[in-house]
Structures are given as structure tokens and as C-alpha cells.
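Taking it in order: structure first as C-alpha cells, then the write-up.
Read the figures in this text as sums done on the coordinates, not as results from a lab. Keep in mind that what you see is a predicted model, and the values were worked out from it rather than measured. Positions of Cβ are generated from backbone atoms using ideal geometry, with glycine treated the same way; all protein chains shown enter the neighbour counts.
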Amino acid sequence: MVEFLHYLINMNENKNLSRSQLNYLSGNILGAAFKVHSQLGPGLLESVYEVCLKHEMNKKGIRNESQVALPAYYDQMEINIGYRVDFLVENSILVELKSVEIINSLHEAQLLTYLKLSGLKLGLLINFNVLSLKEGITRLVNQF
């Protein structure tokens with residue numbers, strides 16, 4: 001498994017994508033998610049959607065890493081307790097997947113915290129357990 005900070009250092013060329021590049025990339029990620037959802041529908045485990053989304057992104061040539069370690073920091077102390085980001089895409093966008101009845105503010109807060117810890121600007125929260133995937137997408141921006 002690729003360690004998150006090591007990955008960011010080695011892949012730094014994409015970390016500062018422009019707004020239009022981030023929009024284009026997030027559109028491609030969502031296109032892959034729509035394809036997965038249209039074929040599978042709601043009601044499956046999150047892990048099934050994760051494997052299928054990774055496959056679709058790979059087919060599109062979108063660089064991604066799944067289950068990437070994300071350390072937390074407190075008072076200059078690194079804490080590696082096993083936080084994992086579902087996807088780090090092109091070293092620029094965090095993607096968190098869910099398969100739950102309702103996305104609540106805690107899910108959104110978790111993604112915002114991950115964005116702050118990583119220093120990335122854009123995150124997508126995708127809930128596959130909905131009839132229309134359009135209703136399951138939340139786009140969050142880190143204003144740091």
C-alpha cells in the first residue's frame with residue numbers, strides 16, 4: 001500500500017491543478033460512477049462499488065490509488081491510526097464512497113477533515129445507495 005504523504009511528494013505534479021482541470025477531472029470521475037451505478041443499481045456493499053469504480057477509472061486512464069493511508073497531526077505529532085481515503089485521484093481529488101440510506105453532515109465533515117489533512121482542494125462524496133446517483137453526489141471544496 002502506498003503511504004499517503006510519500007505518494008503526495010512523488011506525484012506532486014498534479015496537486016495544483018486549475019479549477020477548470022479539477023472540474024474536468026471530477027466530471028470524468030462522476031462519469032465512471034454513473035456507469036457503475038447504472039449497471040449495478042443501489043443496495044450493494046460499498047466495497048463492491050469501490051472495486052467497480054476503480055475498474056472504470058482505470059479504463060478511462062484516470063490515475064488513482066484506493067485505500068490510501070492518511071495520517072493525522074496533532075501538536076507536531078504524526079498519528080497513524082489507520083485512516084484511509086477511499087480514492088486519491090490524480091493526486092488532486094479525494095473521493096469517499098458510501099452505500100448508506102442518507103448522507104449526513106458527519107459524512108461531509110469527515111471528507112472536509114480529510115481535505116484539510118491532505119492539503120487538497122476538492123473532494124467528492126458519492127453515495128451509491130440511492131435510486132438516482134445524481135441525488136447521491138456531494139462536492140466539497142477545502143477553502144483553507
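For each of Met57, Met77, count neighbouring Cβ atoms within 10 Å of the residue's Cβ, then give the residues from fewest to most. Please report the intermediate quantities before stating the final value.
Values: Met57 23, Met77 8.
By the 10 Å Cβ count, ascending, the order reads Met77, Met57.
Of the DSSP beta bridges with both residues in region 30-144, give the percent that are antiparallel, rounding to the nearest 5. Please list the in-between numbers first.
Working: 16 of 22 bridges.
Taking every DSSP beta bridge with both residues in region 30-144, the antiparallel ones total about 75 percent.
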Subject >> 19 Å cut-off, amide nitrogen to a point 7 angstrom out along Tyr73 Cα→Cβ, residues in region 119-144 >> reply: 119-122, 142-144
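Using the count of nearby Cβ atoms within 10 Å as a rough guide to exposure, how do Lys98, Lys116 rank from fewest to most? Don't skip to the end; give the middle numbers.
On the way: Lys98 22, Lys116 12.
By the 10 Å Cβ count, ascending, the order reads Lys116, Lys98.
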Original post:
Using a basic spin-label model with each label point 7 Å from the Cα along Cα→Cβ, how many nm lie between Val141 and Leu40?
Top reply: 3.0 nm
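Most exposed first by the Cβ proxy, i.e. fewest other Cβ within 10 Å, how do Leu45, Leu122 rank?
Leu45, Leu122
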Original post:
Which residue, Gln21, Gln76, Gln110, has the most motion in a Gaussian network model of the chain that connects Cα atoms within less than 10 Å?
Top reply: Gln76
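In region 75-138, which GluC sites (Glu not before Pro) fall in coil by DSSP and have 13 or fewer other Cβ atoms within 10 Å? Show your work: numbers first, answer last.
Working: sites: Glu78, Glu90, Glu96, Glu101, Glu108, Glu135; in loops: Glu90, Glu101.
Here the GluC sites (Glu not before Pro) that fit, given the DSSP loop and packing criteria, are Glu101.
Per-residue ellipticity at 222 nm for the chain, helices alone: DSSP H runs ≥ 4 residues times -39500 (n - 2.57), over residue total, nearest 500 deg cm²/dmol?
Working: 4 runs with 57 residues, N = 144.
Computed mean residue ellipticity for the chain: -13000 deg cm²/dmol.
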